[in-house]
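First comes the structure, then the notes that go with it.
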Amino acid sequence: MSAELAKTMVELQPQLQSIPPVPWRDPHAVSPEDLGVYIQKLEQACLAQPQSADLRTCLGVAYAVNYDVYKSIDALAAATALDPTHFWARFKSAELQYRLRALTLAENETLKAIDLAQNGWQLSLARKQLHEIRALNYASTRNVTWDKPLTVPALVLTAMLTLIFVVMTWIH
């Protein structure tokens, strides 16, 4: 945790006594109203410190906990744009893509996070996430890439339907 994030978190806590330091550790323990207040405070902190990738990452996670996916994606993208070497921004962006089942994007972001890991703990988190993504991707039936032409299957289907139509009109 960087110094500016720790300072901002300390500033936020006296105003929000009922919210834990990191509300997304147990999202069910935080009411939507309290989470909304927390998000507003993080938005204000992001405006006060526009170059902070840490704050934008926290904002992205808070949006995700609040089920605001598009804002979460935008905040995490802003964090990675501000600091492309920020492990947590990459890792949380990959986790969000994984939860949305955009597995190819999630795998690419997780691989970037693995390269950015600064200690064994971060590396183990990223590797575990990559393992889960690859296992889901392997077992998934939705990993179809639409890069093959569908002309031949369409022509075969058309020929079969035409043949069925001709046979049915000939019989009756």
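Within segment 70-138, list the chymotrypsin sites (Phe, Trp or Tyr not before Pro) lying in a DSSP loop whose Cβ has at most 11 other Cβ atoms in a 10 Å radius.
The qualifying sites: there are none.
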Cα-centre dipole for segment 24-172 with unit charges at Cβ (Lys and Arg positive, Asp and Glu negative), debye to 20
400
Computed FRET efficiency, Cβ-Cβ of residue 119 and residue 147, R0 30 Å: what is it to the nearest 0.05?
0.15
If R0 is 45 Å, what FRET efficiency do you get for residue 26 and residue 170 from their C-beta distance, rounded to 0.05?
0.05
Electrostatic dipole magnitude of segment 84-140 [Cβ: Lys, Arg +1; Asp, Glu -1; Cα centre; debye, to 20]:
80
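None of the figures in this text is laboratory data; all of them are computed from the coordinates on show. What you are looking at is a predicted structure, and each value in this text was computed from that prediction instead of being measured. Cβ atoms come from the backbone with ideal geometry, glycine included; neighbour counts cover every protein chain shown.
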